[in-house]
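This report refers to the structure that appears directly beneath it.
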Amino acid sequence: VDSLGPQRKSLDGWCTSQLKIVLLGGRDSGKNAVGNLILGKEEFGTEERTLCSRRIGKVSELRVTVVNTPGWWCDSSAQNTPKLVKRELITSVALCSPGPHVFLIIIKATSVLSEKHRKALEEHMALLGDAVWSHCMVVFTCAEKYKDTNSEEYVESGGKALCWLSEKCSQRCHSVVPSDNSQRTVLLEKIQKLVTENGNSVFEMQEHFLWVNEEEKREMEERTRQERKVINTETR
C-alpha cells in the first residue's frame with residue numbers, strides 16, 4: 001500500500017522502518033474502517049470476528065502492520081466476555097512481535113460513553129496490564145457531516161467517562177472520517193508523535209499476563225479434546 005503521493009514527505013521523520021498497530025474497541029466501533037484508512041485500501045471486512053486478523057502494508061518506505069482484535073460488548077463486563085475473545089486481545093501482542101508500538105482505542109463519536117461502558121473498557125484493557133496505557137491513543141470515528149468537529153470537542157462534551165479515558169491516554173485523542181483517505185496522513189503523524197515520545201519502544205506484555213493467557217489456552221485446548229472424545233463416543 002503506497003498511495004500518499006505528495007503527502008509522502010510528512011512521514012520522513014520516522015525513526016523506525018516498521019510501525020505495528022493494534023486496534024481495540026467495542027463491537028461496531030469502526031475498527032475495521034480505521035484499519036482500512038491506515039493501510040489505504042479495503043483489507044478488513046465489515047463483519048465482527050472472534051479472532052484477530054493481521055494485515056501488512058506499506059506507506060511510503062514504512063512497513064505497517066495492523067492487527068484488528070475482536071470487539072467486546074460495550075455494556076458488558078469483561079467477566080461475561082467469552083474466553084476466546086479475551087485470549088485474542090492478548091494474542092494481538094504476539095502478532096506484532098516483538099510488540100506493538102501503538103494501541104488505538106476506537107470509539108464511535110456519536111455513541112455515549114456511559115460509566116458502564118467506561119468500566120467495560122477499563123476491564124478489557126486490564127487484560128493487557130497497566131503499562132499498555134502509555135502506548136494508547138483514542139480515535140473517534142465520525143461521519144462526513146461531523147468532520148469539522150475535533151477530538152477536544154468530543155471529550156469536552158462526553159462527560160466524566162470520556163474525560164477519564166482521555167486522561168488515561170495522556171490526552172492523546174484524534175477524530176477521523178474513515179471514508180476520507182486524505183485524513184490518513186494526519187492520523188499517522190499523531191501516531192508518529194506517540195511513538196517518538198516513547199523513544200520508538202514497543203509494548204512488551206508482562207510475564208504474569210502471558211502466563212495467565214497460556215493457562216487459559218491450555219484449559220480451552222483440554223476442553224476441546226474432552227468435547228471431541230464425547231462426540232466420538234456418541235457417534236460410535
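Below, the figures for the structure above:
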read-out	value
Scan of the range 64-82 for residues that are outside any loop (DSSP other than H, G, I, E, B) and either surrounded by 15 or more Cβ atoms within 10 Å (Cβ to Cβ) or touching a helix residue (DSSP H, G or I) at 6+ places or on another chain (Cβ under 6 Å) (or both), ordered by number	V64, T65, V66, V67, N68, W72, A78
Answer from L51, L62, L95, L89 - the residue that is farther than 22 Å from G30 by Cβ, aliphatic (A, V, I, L, M) and either in the same structural domain as V22 (by TED's automatic domain parsing) or modelled with pLDDT under 90 (or both)	L62
Matching helices (runs of 4 or more DSSP H) fully within the range 144-236 where at least 2 residues are modelled with pLDDT under 90	151-157, 207-235
Selection within the range 155-173 - over 11 Å from V139 (Cα atoms), among the small types (G, A, S) and in contact with a helix residue (DSSP H, G or I) (Cβ under 9 Å, 6 or more places away or on another chain)	G158, G159, A161, S170
Residue under evaluation V112, criteria (1) at pLDDT below 90; (2) crowded, with 19+ Cβ neighbours inside 10 Å, criterion not met	(2)
Residue check, R54 out of contact with any helix residue (DSSP H, G or I) (no Cβ under 8 Å at 6 or more places or on another chain), outside any loop (DSSP other than H, G, I, E, B) and over 26 Å from E144 (Cα atoms)	yes
Failed condition for A143, given (1) surrounded by 14 or more Cβ atoms within 10 Å (Cβ to Cβ); (2) under 18 Å from A33 (Cα atoms); (3) of a type in the set (A, V, I, L, M, F, W, C)	(1)
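The values are calculated or read from the model by the stated rules, or taken from the named source; none is laboratory data. As the structure is a computational prediction, the values presented were derived from the model and not from experiment. Counting neighbours? That spans all protein chains shown, and the Cβs are built from the backbone with ideal geometry, glycine included.
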